[in-house]
Amino acid sequence: MQRLIAEHPEGDLSAGVDLALSLAARIAGPEIAQSIQLGIEYDPAPPLEAGSPATAPAPIVAFLRENRDMIVRL
């Protein structure tokens, strides 16, 4: 993972995450995309306002808190 990050400027990674979140919103709906965004705590001017519990909609925060078992931690 470090090699991948070292070879790609931050902007490229952010663009990829933005694209992934946009696709998730189109495919699975904005609530799922916001849940993903909050789960990875992605908040550098993202396409959705869900990068932190302070900006995410309350139902999304509650959903993630209630379903913590779904989150895989490496």
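Points to keep in mind about this one:
- Test result for Ala50, touching a Pro at 6+ places or on another chain (Cβ under 8 Å) and modelled with pLDDT under 85: yes
- Ala6 meets the conditions (1) at pLDDT below 85; (2) outside any helix (DSSP H, G or I); (3) of a type outside the set (Asp, Glu) in every case but one. The failed one is (2).
- Among residues of the stretch 56-74 that are surrounded by 10 or more Cβ atoms within 10 Å (Cβ to Cβ), those with a Cβ under 8 angstrom from a residue that is modelled with pLDDT of 85 or more and outside any helix (DSSP H, G or I), sequence gap 6+ or separate chain, pair up as Val61/Pro53.
- Residue selected from the stretch 9-31 under the condition charged (D, E, K, R) and over 12 Å from the mean Cα position of the chain (by Cα), by the criterion modelled with the highest pLDDT: Arg26
- Hits in the stretch 32-41 (condition: buried (at least 19 other Cβ atoms within 10 Å of the Cβ) and either at pLDDT below 85 or farther than 13 Å from Asp18 by Cβ (or both)): Gln34, Ser35, Leu38
The values are calculated or read from the model by the stated rules, or taken from the named source; none is laboratory data. Since the structure is predicted, the reported quantities are computational estimates derived from the model, not experimental observations. With ideal geometry, Cβ positions are generated from the backbone for all residues, glycine too; neighbour counts draw on all protein chains shown.
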